[in-house]
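Here is the structure we will look at, set down as structure tokens.
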Amino acid sequence: MVVVMSADAEEADVQAVVTVVEGAGGEAFVSRGVNRTIIGLVGDVEQFGTLNLNALRGVSDVIRISAPYKLVSRENHPDRSVVRVGGVPIGPGTMTLIAGPCAVETPEQTLQAARMAQAAGATLLRGGAFKPRTSPYAFQGLGEKGLRILADVRAETGMPIVTEVVDANDVELVASYADMLQVGTRNMQNFALLQAVGGIGRPVMLKRGMNATIEEWLMAAEYIAQRGNLDIVLCERGIRTFEKATRNTLDISAVSVAQRLSHLPVIVDPSHSGGRRDLVLPLTRAAIAVGADGVIIDVHPSPESALCDGPQALVDDDMRELAATVRALPPIVGRTLTTV
């Protein structure tokens, strides 16, 4: 069972709940976030039900949940959530296109990629300033210089920023520039990082780990939610299998499964799953058809000279086809392309 405190709850209100629960023989674990405080209860659920916790001052909701991922489960949150990033909605009824360069390299490259993305219908700009790479010799990103470039491009285009954070120590810095924080596949179970982004008060995109089950993915989201942040978007980006024809194997069924188990929006990354330019558009069509709430796509004006993931980045001709796809297909599945 979970007790969600209201935004204006005082410390005395929190302690009153803890006292009542402990008086009934239970344990209460308090998690304080930027936007709200959550109290997890351990003990006799039936006994807790007789305590009338809803009547205590400062209590917003009392949720009885059996799934291990209590806060992100649909068991007691049947309506699917909408997450807003700089005013742009991600969730049921819409299809949101997030696009931009995999890595920020120069101001010119980033602005050009953003213009290409915006022309295709993108309303959110993705771009990596910090890049966790398998090889220590690969391009690791520009760091804060890259964040400043993204902020300048946002000012020029009006597109809110989605960018990755790779270290708990950098969360405040990245959040000072970004509209949405991305946790990548290699960090899905970096629990210190998950707790840090959960407490910073920014929407979070959580990519599925390349070797993670869906339950592990949702449990990782629970770490973020437990710190008071329920503005989480799940991103299916492909998993590692024995198949070598693609960079990763896109688990398209994970979209429907995650939407059934969780109220959080679910998007798809066709760029990192396929790993090849010719696969991005077919996988985008598949994502829209299966009911994804959005897609996140790599764009680069000169992919042959890209410092990161050039083979999967879309170019001008691809972007025109992408624009036609994201306008034509969503209405067929009862969605509209997000616009601002």
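The values are calculated or read from the model by the stated rules, or taken from the named source; none is laboratory data. Just so you know, these numbers come straight off a predicted model, no measurement behind them. All Cβ positions, glycine included, derive from the backbone under ideal geometry; neighbour counts span all protein chains shown.
Side notes on the structure shown:
- Pick from the range 210-228, criterion part of a loop (DSSP other than H, G, I, E, B), touching a strand residue (DSSP E or B) at 6+ places or on another chain (Cβ under 8 Å) and at pLDDT 95 or above, ranking: farthest from residue 82 (Cα to Cα): 211
- Selection status of residue 267, part of a strand (DSSP E or B) and in the same structural domain as residue 123 (by TED's automatic domain parsing): yes
- Candidates in the range 229-249 are the residues that are aliphatic (A, V, I, L, M) and out of contact with any strand residue (DSSP E or B) (no Cβ under 7 Å at 6 or more places or on another chain); of these, the one that is nearest to residue 279 (Cα to Cα) is 245.
Results for (1) outside any strand (DSSP E or B); (2) in the same structural domain as residue 225 (by TED's automatic domain parsing); (3) farther than 24 Å from residue 200 by Cα; (4) touching a residue at least 24 places away in the same chain (Cβ under 8 Å), shown as yes or no for each residue.
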residue	(1), (2), (3), (4)
20	yes, no, yes, yes
31	no, no, no, yes
38	no, no, no, yes
71	yes, no, no, yes
77	yes, no, no, yes
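- The single condition from (1) surrounded by fewer than 24 Cβ atoms within 10 Å (Cβ to Cβ); (2) within 17 Å of the chain's Cα centre (by Cα); (3) closer than 22 Å to residue 321 by Cβ that residue 283 fails is (2).
- In the range 92-122, of all residues being in a loop (DSSP other than H, G, I, E, B) and at positive phi, the one that is farthest from the chain's Cα centre (by Cα) corresponds to 121.
- Selection count, the range 49-69, where residues are out of contact with any Lys or Arg (no Cβ under 8 Å at 6 or more places or on another chain) and not in a loop (DSSP other than H, G, I, E, B): 6
- Check on residue 192, at pLDDT 95 or above, over 19 Å from residue 38 (Cβ atoms) and among the small types (Gly, Ala, Ser): no
- Annotation: residue 278 fulfils all but one of (1) crowded, with 20+ Cβ neighbours inside 10 Å; (2) farther than 16 Å from residue 256 by Cβ; (3) among the charged types (D, E, K, R); the unmet one is (1).
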